[in-house]
């Protein structure tokens with residue numbers, strides 16, 4: 001595997017003077033191509049802040065992020081982005097070509113089919129309709145919804161709606177997905193199926209992606225390649241498998 005995302009000494013806080021709160025105190029983090037990394041931590045520890053900075057929605061106060069966004073893996077063509085302290089207006093390309101998002105809420109348009117929800121997101125990103133439709137079909141097939149393309153959201157289960165949201169995120173060929181509590185609205189079985197899908201997407205030999213997933217569920221986190229704990233403004237490898245008595249066979 002090759003390094004996809006590198007974060008060096010990232011710092012950020014909110015407020016001034018006596019009300020100042022230091023949230024991120026020097027984050028060092030590397031994610032490899034094809035890795036599923038789970039990020040855990042107590043409420044308010046800065047998980048969403050970190051994701052927002054990686055996703056180019058918020059500027060850090062100091063530190064650097066380097067992202068390699070592969071455009072054509074077979075030809076070896078790749079774009080490199082260096083940011084972190086840049087204003088969100090200056091990292092539009094990161095959001096357009098480098099990082100995709102998956103949320104707890106699916107954010108689908110109720111009146112559009114699964115297929116049209118994905119197509120519209122691609123058209124809004126500047127793709128021609130023919131290209132958008134081809135990519136949408138491919139993405140929906142990858143998430144096992146080729147037989148549900150013409151269904152509107154209310155005709156789909158929660159797990160299926162989240163799969164549409166995942167298809168929308170991967171259709172743009174972004175190499176890194178940020179998943180913020182992606183199973184929060186799902187039952188246990190559906191949540192486990194989403195994690196299995198994440199692992200499948202990460203292990204794709206032709207078009208591997210990487211996923212940084214925030215979750216509060218240690219059992220789902222244990223199915224990732226690595227688990228990190230964000231606490232006191234820093235990240236460290238988590239020993240939560242041991243603490244919860246979760247064995248490595250959970251990953252099988």
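Read-outs: derived from the displayed coordinates by stated rules, not from any lab. All figures in this text were calculated on a predicted structure; none of them were measured in a lab. Neighbour counts run over all protein chains shown; Cβ positions are idealised from the backbone, glycine included.
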Practice prompt. Any chance you could run the full-extension gain for residue 22 through residue 90? It's 0.36 nm times the residue separation minus the Cα-Cα distance, nm to one decimal.
Written response: 22.0 nm
Worksheet item: Say each of residue 103 and residue 80 gets a label point 7 Å from the Cα, pointing the same way as Cα to Cβ; how far apart are those two points in nm?
Response: 3.4 nm
Worksheet item: Counting pairs of alpha carbon atoms under 8 Å apart in space and at least six apart in sequence, what relative contact order in percent does the stretch 111-252 give?
Response: 18 percent
Worksheet item: Within the chain, what percent of beta bridges assigned by DSSP are antiparallel, to the nearest 5?
Response: 60 percent
Discussion item. Test of understanding: what is the full-extension gain from residue 9 to residue 237, defined as 0.36 nm times their sequence separation minus their Cα-Cα distance?
Written reply: 80.4 nm
Item to complete: Quick one: among 14, 115, 103, which has the greatest mean-square fluctuation in a GNM of the chain with alpha-carbon springs under 10 angstrom?
Response: 14
Discussion item. For the stretch 3-251, report the % of Cα-Cα distances exceeding 26 Å.
Written reply: 39 percent
Worksheet item: Could you give the length gained on full extension between residue 124 and residue 141, defined as 0.36 nm per residue of separation minus the Cα-Cα distance, in nm?
Response: 4.0 nm
Worksheet entry | Whole-number Å³ per residue for the convex hull built on Cα positions in the stretch 35-169 | 145 Å³
Worksheet item: Can you sort 107, 80 by how many other beta carbons sit within 10 Å, fewest first?
Response: 80, 107
Worksheet entry | the chain, relative contact order [Cα under 8 Å, separation at least 6], % | 26 percent
Worksheet item: How large is the Kirkwood hydrodynamic radius of the stretch 116-183, in angstrom, based on all distinct alpha carbon pairs?
Response: 12.1 Å
Worksheet item: Who wins for biggest fluctuation among 55, 17, 34 in a Gaussian network model of the chain, springs between alpha carbons below 10 Å?
Response: 17
